[in-house]
Structures are given as C-alpha cells and as structure tokens.
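Undergrad: Could you have a look at this structure, given as structure tokens, before my questions?
The values are calculated or read from the model by the stated rules, or taken from the named source; none is laboratory data. Source: prediction; values computed, not measured. FYI the Cβ positions are ideal-geometry reconstructions off the backbone, even for glycines, and counts take in every protein chain you see. Remember, those area values only see protein heavy atoms, side chains included, never the ligands or the DNA or RNA. Shrake-Rupley method; radii C 1.70, N 1.55, O 1.52, S 1.80 Å.
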Amino acid sequence: MVFGLEHRGEVRAYPQLVLVWHEIVNDTVAGEPLAVTYCPLTGTAVGFRAPPGVQDLTFGTTGKLVNSNLLMYDRQTGSQWPQLIGTAVSGPLEGTELATVPLVWTTWKQWRTAHPDTRVLSTDTGALRGYGSDPYGSYPDRSGYYAEGGPLFPVAHSSDRFGDKHVVVGVRVAGRHLAIDKDLVRENRVVRTDLGGTQVEARWDDRLGTARVLQRAGDGRWVPADHLDAMWFAWYAFHPGTQVRT
C-alpha cells in the first residue's frame, strides 16, 4: 500500500511500510511545506499544511494518543494536534485547524500505472527499521490488528453500527460530519447524500481502487470534499454525532 499525493502539479507516493514506523514525513512539495501523516492504529492517512496566517509548521510524534489516534506536536510552537481532526487541542495554536491535503490509499502498482512519473519515498531514511514488515498486520488483504478486535487504547465514544475496524470514508463539510461505508461505494460506484444542505457524492475510482468524495459548490460545480479513510471506531470516537450513509 502507498499513500498517493497530487499537489500543484507534483506527484508522490509514500509507502505504508515506511510510514508505519515513522508516522510523519515532513516534506516540501512544489515549494510548499507539507506533513504527510499516518496513524496505523486508526487507519488514517492525512496530508496537512499550515492554514493562512500561520507560520510554516513541521511535526513530530508526541508518543501519546487521543482516542487511540496519533497525537502530533509542531516544532515551532509545541502545540499538540490529534491527527484525525487536525485541530490543536493545546499550546499557543489551540483551536487552530490545519488545512488538509488529500492522500489516496492505493497500491504501488496502481499508483505507478496511473502516474509513471511519480516520485516515491525511499527506505534510505538513515533509521534502523524493519521496512517490509509491519508490527500490526498486513495490507492490502487486511490481517492482524487491521482486521480483528477493537482499539488497543481507550476511546471517548463507541458504536456498534459497524465493526470497529470497518473502513468508512469520513467527510467534513462546514463543521458537519458524515461517514460513508466504503464497501457501499465500491459496490454501487456512486453514492449520493446530503450533509447539512450540501450535496455530497462519493465515486469509486477503479484505476486506483479507492473512493473519492465531491461536494456541490454554490455555483453548481462539483469540487473535492475534505475526506479520509478511517476505521469506524476512530471516526465515531471523535465524531459521535456523525451522519452515516449506508
């Protein structure tokens, strides 16, 4: 598995088997500092950049968790950020929300076929890690922690609407939250719903084997929505009031 990034004309891939050991890559893409983040415990991969009016930020791992999700800190102010929500919960930037950059869960073969000019993160990191192995299980045929059991650490809210590790596509639009069953998108190709008066449409991308989500803008155009894959338990733990599309 890789997390694919298309940003300002540049194309990059970040292998899951590297990020499972490091969780954060501070990169510069098209001249812009970006953080590519992955939390194996919640199955969430998110790209971040500083929002307008905030200095460029680089991130590290605190070694702590919130709702079993990676708690990051920025090296410029020491503020702390749960990765799934990208909002600072402590420090000088408390309450600030990072701008997200979409990442695509796909396989290296599919990404390279679609983007033969891609660059890919090397395993030559200077760190002694067991790249090629995963302490939690395996992808793309999920096994181990990724497929079975519940969260390893406490969460604030829980729901048995889906299995804990079931993958949903979490969507955020104007402060509202929606979970779409990813299998439903795969099976139906297109799934439509309404979120707080905004039309939302999830479309299956055969080329990359993933779901993409769009929202209807005020001028009638379909534009990319803020969305990410997540294990159901994690999405619900942060967003217990989420709308669900099944």
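Undergrad: So Val155 fits all but one of (1) at pLDDT 95 or above; (2) closer than 26 Å to Ala225 by Cα; what number is the exception?
TA: (2)
Undergrad: Which strands (runs of 3 or more DSSP E) sit wholly inside the range 140-246 and have at least 2 residues that are surrounded by 13 or more Cβ atoms within 10 Å (Cβ to Cβ)?
TA: Ranges flagged: 167-173, 176-181, 190-195, 198-205, 210-216, 226-231, 243-245.
Undergrad: Looking at the range 14-50, which of its residues are among the hydroxyl-bearing types (Ser, Thr, Tyr), out of contact with any helix residue (DSSP H, G or I) (no Cβ under 9 Å at 6 or more places or on another chain) and more than 16 Å from Ala127 (Cβ to Cβ)?
TA: First pass over the range 14-50, keeping only residues among the hydroxyl-bearing types (Ser, Thr, Tyr): 14, 28, 37-38, 42, 44.
Applying the additional criterion that residues be out of contact with any helix residue (DSSP H, G or I) (no Cβ under 9 Å at 6 or more places or on another chain) yields 14, 28.
Of everything in the range 14-50, just one residue is among the hydroxyl-bearing types (Ser, Thr, Tyr), out of contact with any helix residue (DSSP H, G or I) (no Cβ under 9 Å at 6 or more places or on another chain) and more than 16 Å from Ala127 (Cβ to Cβ), namely Thr28.
Undergrad: Mind counting the residues in the range 199-246 that are out of contact with any helix residue (DSSP H, G or I) (no Cβ under 7 Å at 6 or more places or on another chain), among the hydrophobic types (A, V, I, L, M, F, W, C) and touching a residue at least 60 places away in the same chain (Cβ under 8 Å)?
TA: 10
Undergrad: Quick one: in the range 111-122, of everything that is open to solvent by less than 80 Å² (accessible area, probe 1.4 Å) and out of contact with any strand residue (DSSP E or B) (no Cβ under 6 Å at 6 or more places or on another chain), which residue is farthest from Cys39 (Cα to Cα)?
TA: Per the stated criteria, the residue is Ala114.
Undergrad: Further question on the same structure: Within the range 62-78, which residues are surrounded by 16 or more Cβ atoms within 10 Å (Cβ to Cβ), touching a strand residue (DSSP E or B) at 6+ places or on another chain (Cβ under 7 Å) and within 20 Å of Leu34 (Cβ to Cβ)?
TA: Once the filter is applied, which keeps residues that are surrounded by 16 or more Cβ atoms within 10 Å (Cβ to Cβ), touching a strand residue (DSSP E or B) at 6+ places or on another chain (Cβ under 7 Å) and within 20 Å of Leu34 (Cβ to Cβ), the range 62-78 yields Asn69, Leu70, Leu71, Met72, Tyr73, Asp74.
To keep it simple, each residue is scored yes or no on (1) of a type in the set (S, T, N, Q); (2) over 18 Å from Met231 (Cβ atoms).
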{"site": "Tyr131", "(1), (2)": "no, yes"}
{"site": "Phe162", "(1), (2)": "no, no"}
{"site": "Val191", "(1), (2)": "no, yes"}
{"site": "Gln199", "(1), (2)": "yes, yes"}
{"site": "Leu208", "(1), (2)": "no, yes"}
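Residues checked against (1) farther than 20 Å from Trp235 by Cβ; (2) among the small types (Gly, Ala, Ser); (3) at pLDDT 95 or above:
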| site | (1), (2), (3) |
| --- | --- |
| Leu65 | no, no, yes |
| Gln76 | yes, no, yes |
| Leu121 | yes, no, yes |
| Asp124 | yes, no, no |
